[in-house]
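Here's the structure, in structure tokens; my notes come after.
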Amino acid sequence: MQLGDPAMGARRASLAIAATLLVLSAPAATLAHPTVEDHKQDDASAPKTPQEERALTRRTQAATADDAQAAALAVPGAPDDIGTWSEPDDWPVVGVHVALLPNGKVLAYDSVGDNATETYPVHDHTRATVWDPATNTHTDVRVNTGYNVFCSGLAHLLDGSVFLAGGNKDSSLHGIVQTHVFNPTSNTWSRGENMADERWYPTVTGLRNGEMLITEGGPDIPEVRQRNGTIRRLSTASRNLPLYPWLDVAPDGRAFYSGPDQTLRALNPDGTGAWQSYVVPRDGINRDYGGHAMYDVGKILVAGGGGSVKDARVIDVNGATPAVSATAPMAYGRRQNNLTLLADGTALATGGNSSGASLVDLNNGVYAAELWNPATGTWKTLAAQKVTRQYHSTALLLPDGRVLSSGGGICGTCDQVEYLAKNAEIFTPPYLYNKDGSGSLAPRPAVTGAPATVAHGSPFEITTPEAASIAKVGLVRLGAVTHSVDMDQRYIPLAFTRGSGALTATAPANENIAPPGPYMLFVVNADGVPSVAKMVSVPAVNAAPAVNLTQPAAGAAFFAPATVNLAANATDDVSVSKVEFFNGATKLGEDTSAPYAYAWTGVGLGTYSVTARATDGAGRSTTSAPVTVTVRPPNGAPTASITSPANGAVFGWRANVTINASASDGDGSVTKVEFFRNDGATKLGEDTTAPYSYIWRTAPSGTHSLRVRATDNSGAVTTSAPVSIRVRGLFG
Ligand SMILES: [Cu+2]
């Protein structure tokens, strides 16, 4: 579903664009949570029966067959000129969300059914499939975690798993806080940590350090999935943006925002986040439901959207401020179109409608594809597809250089106009055909060997029998697409040299240019024919752990033989595997779990420099700042004696007895002297400064044994010899 949807059935189509533009500037919470009443109005046409729904895909094709055929006739040409489209194939799900997997298969998922999602009361699962392009077969991978991930954001984790944020909670189209991960090796789903906020229509962006940025979908405060799976909020980066914002990591490492609205921005996702907004407007167009694609290092193509504009622009974010330049417009105005980077770095526009209709207009579908060439800045109209692909349709580059175009439907307006495209078509671009008009497929260069992992900035070898004829080498990030937004795709050209039977290419310079994760490696020959891709992984630059000693305190002193308790704080972007404690270069011991501590016992006289060294799961380590401690000789006890009264002294009845004491400490200081009677059992008082004295007022009659006790700065105590005195009675 979509924000403008409730307010714009076909009957109010003329207001649709203005309403969308208006709504986009309202707070996102309003956008993401239309009222149930709005939807009841929008879905005034009764939900269809399962049978009727099954018939819808055919009805859509029948209703648009003439238009599709006319579009095909309008673009004559040989396959090497305009490419070819396959016949549509029925699919078990609508390709609302699709992601290419590292095994070359495609994950696709939609919702709980073919009707508008808000017509279903229960949202406890999601229909999902893995499609294998090699065999054209499907494997059911329904999401059975108890949640509907319809209208989630999706992008690839470092290992090629697909991370999903948010989804659809109920018939009121509330978001969900849940995150999910699809494992392509086991075809299984698992839950990740919950986000702080419910999200519906969020964008997920793989960042330079392997973290996943989650923006919008309702709340204005972005969140980041950290590499250890926990989620932090970017509390200082609250910003109201349109739903499904367009974000790509830029050469400066920030996430660059290129639309769909026209204020260009950049988000520093470190810590709690910070936005920068640029004054330069992009183009005066709100490109709601247009396409964007980072087709070269720091260069983004935007095309279509809004009121089905033909306009396209290029944004160069390599400099300190973004530079926007014109490029040729498309031949067809489009909204709800997809923009897909191909194996050679060109960009393919597919689908959409030309009337500016918010979600779908069966009378104004755009069937012809168009190819944008970054070298010339021009578009070429290509073959027309057979099914109109509008709201909830997607397009995805496959590892063999073809393009999957799928989906469309599942919304109130879709039901009203009887639009459903529960099928898929495959586009074979012109570059795969012999340049002789014959329609035969061209021989392709083959990548027979390449490393599974290519480290940033490093040269690596690509073995190919066609080395001498290779003209281009590039990486294309695996796509993850929904709602006209590919959250992952980017094309990175690679420098290379030709050898005999092999090329030496240089991996992208850094993680800003190629955020870590899965990529397709393509080589393209001098005729422009691409190889089948070899999957390669660009590893994350692993951050070293942080560590500091929390104990002992700097300069702490101990007495021999000492027990020095060592303790450290250690953190890492992934995990800390151990903390070792050192005296100089000598390892004392280690701790593998927090709180990290070690008791260093039997420490003799001396001065020591102690450190802690933390090591993370990838073997990177950091050593703390040193702390110096001193171990002194054993503490000498203080001296203590009573200097007056003298032993045997006699006092009168009710006398005040002044007790004077002497105390000293040879290796420190006396902190207090306490005065006792009853041979030390009853404390009279104390004095903390010399000369030490105490006046025992109106001492009771009788014989008293007095003592004093001195305490030194190390806590050692000495009790004096007793002094016996007598205090007379009233009658002597
Ligand atoms: Cu939607």
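Looking only at residues in segment 478-513 that are of a type in the set (Gly, Ala, Ser) and assigned to a strand (DSSP E or B), which one is farthest from the ligand (Cβ to nearest atom)? Before you say what the answer is, go through the steps one by one.
First, the residues of segment 478-513 that are of a type in the set (Gly, Ala, Ser): 479-480, 484, 495, 499-502, 505, 507, 509.
In the following step, the residues that additionally are assigned to a strand (DSSP E or B) were identified as 480, 502, 505.
Details: ALA480: 15, ALA502: 46, ALA505: 39 Å.
Ranking the qualifying residues of segment 478-513, first place goes to ALA502.
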From the residues in segment 391-408 that are touching a helix residue (DSSP H, G or I) at 6+ places or on another chain (Cβ under 8 Å) and more than 15 Å from HIS483 (Cβ to Cβ), which one is farthest from the ligand (Cβ to nearest atom)?
GLY401
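Name the residues in segment 715-732 that are in a strand (DSSP E or B) and of a type in the set (Ser, Thr, Tyr), would you?
Start the filter on segment 715-732 by keeping residues that are in a strand (DSSP E or B), which leaves 717-719, 723-727.
Residues satisfying the conditions are THR718, THR719, SER724.
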Scanning segment 464-491 for residues that are of a type outside the set (A, V, I, L, M), closer than 18 Å to PRO260 by Cβ and touching a Gly at 6+ places or on another chain (Cβ under 7 Å) gives SER484, ASP486, ASP488, GLN489
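Could you pull out the residue among THR615, THR601, THR607, THR592 that is loosely packed, with under 12 Cβ neighbours inside 10 Å and under 29 Å from MET212 (Cβ atoms)? So that I can check it myself, show each step before the final result.
Details: THR615 fails: loosely packed, with under 12 Cβ neighbours inside 10 Å; THR601 fails: under 29 Å from MET212 (Cβ atoms); THR607 fails: under 29 Å from MET212 (Cβ atoms).
The unique qualifying residue is THR592.
If you go through segment 358-375 one residue at a time, do you hit one that is in contact with a Pro (Cβ under 9 Å, 6 or more places away or on another chain), modelled with pLDDT of 95 or more and closer than 30 Å to GLU87 by Cβ?
First, the residues of segment 358-375 that are in contact with a Pro (Cβ under 9 Å, 6 or more places away or on another chain): 369, 371.
Cutting the leftovers down to modelled with pLDDT of 95 or more gives us 369, 371.
Retained after the next criterion (residues that are closer than 30 Å to GLU87 by Cβ): 369, 371.
Looking through segment 358-375, at least one residue is in contact with a Pro (Cβ under 9 Å, 6 or more places away or on another chain), modelled with pLDDT of 95 or more and closer than 30 Å to GLU87 by Cβ.
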On the given criteria, is LEU588 without any contact (Cβ under 8 Å) to a residue 40 or more places away in the chain, part of a strand (DSSP E or B) and more than 32 Å from the chain's Cα centre (by Cα)?
yes
From the residues in segment 149-195 that are closer than 22 Å to ASP248 by Cα and within 16 Å of the ligand (Cβ to nearest atom), which one is surrounded by the fewest Cβ atoms within 10 Å (Cβ to Cβ)?
LEU154
Taking segment 670-690 and keeping residues part of a loop (DSSP other than H, G, I, E, B) and either touching a strand residue (DSSP E or B) at 6+ places or on another chain (Cβ under 7 Å) or basic (Lys, Arg) (or both) leaves THR688
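Go through SER500, SER484 for me and flag whichever is more than 33 Å from the chain's Cα centre (by Cα) and among the hydroxyl-bearing types (Ser, Thr, Tyr).
On the way: SER484 fails: more than 33 Å from the chain's Cα centre (by Cα).
Selected residue: SER500, the only one of SER500, SER484 that is more than 33 Å from the chain's Cα centre (by Cα) and among the hydroxyl-bearing types (Ser, Thr, Tyr).
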Within segment 76-96, residues buried (at least 19 other Cβ atoms within 10 Å of the Cβ) and either without any contact (Cβ under 8 Å) to a residue 24 or more places away in the chain or part of a loop (DSSP other than H, G, I, E, B) (or both) come out as GLY83, PRO88, TRP91, VAL93, VAL94, GLY95, VAL96
Considering segment 420-475 alone, what residues qualify as being assigned to a strand (DSSP E or B), under 39 Å from the mean Cα position of the chain (by Cα) and either of a type in the set (D, E, K, R) or over 19 Å from MET520 (Cβ atoms) (or both)?
ASN423, ALA424, GLU425, PRO459, GLU461, LYS472
Which residue is nearest to the ligand (Cβ to nearest atom), if the candidates are limited to segment 414-443 and must be modelled with pLDDT of 95 or more and among the β-branched types (Val, Ile, Thr)?
ILE426
Across segment 686-717, which residue is modelled with the highest pLDDT among those that are surrounded by 15 or more Cβ atoms within 10 Å (Cβ to Cβ) and within 60 Å of the chain's Cα centre (by Cα)?
THR711
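For THR381, state whether it is surrounded by 23 or more Cβ atoms within 10 Å (Cβ to Cβ), assigned to a strand (DSSP E or B) and not hydrophobic (A, V, I, L, M, F, W, C). Show your work before the answer.
Details: surrounded by 23 or more Cβ atoms within 10 Å (Cβ to Cβ): no; assigned to a strand (DSSP E or B): yes; not hydrophobic (A, V, I, L, M, F, W, C): yes.
No; evaluated as a whole, the condition is false for this residue.
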Identify, by number, the condition in (1) within 16 Å of the ligand (Cβ to nearest atom); (2) under 28 Å from the mean Cα position of the chain (by Cα); (3) among the hydrophobic types (A, V, I, L, M, F, W, C) that CYS411 doesn't meet.
(2)
Residues ASP220, ASP248, ASP283, ASP252: which one is touching a residue at least 40 places away in the same chain (Cβ under 8 Å) and in contact with a helix residue (DSSP H, G or I) (Cβ under 8 Å, 6 or more places away or on another chain)?
ASP220
Residues that are more than 14 Å from the chain's Cα centre (by Cα) and of a type in the set (Gly, Ala, Ser), drawn from segment 176-195
SER186, SER190
Breaking point among (1) within 16 Å of the ligand (Cβ to nearest atom); (2) within 30 Å of ASP488 (Cα to Cα); (3) modelled with pLDDT under 95, for TYR120:
(2)
Scanning segment 79-111 for residues that are within 16 Å of the ligand (Cβ to nearest atom) and not hydrophobic (A, V, I, L, M, F, W, C), the one nearest to ALA128 (Cα to Cα) turns out to be TYR109
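For the condition closer than 18 Å to CYS411 by Cα, in contact (Cβ under 8 Å) with a residue 60 or more places away in the chain and not aromatic (Phe, Trp, Tyr), what is the one hit in LEU157, LEU173, LEU207?
LEU173
The values are calculated or read from the model by the stated rules, or taken from the named source; none is laboratory data. The shown structure was predicted, so the numbers you read here are calculated from the model rather than taken from an experiment. A quick note on method: Cβ atoms are made from the backbone with ideal geometry, for glycine too, and the neighbour counts reach across all protein chains shown.
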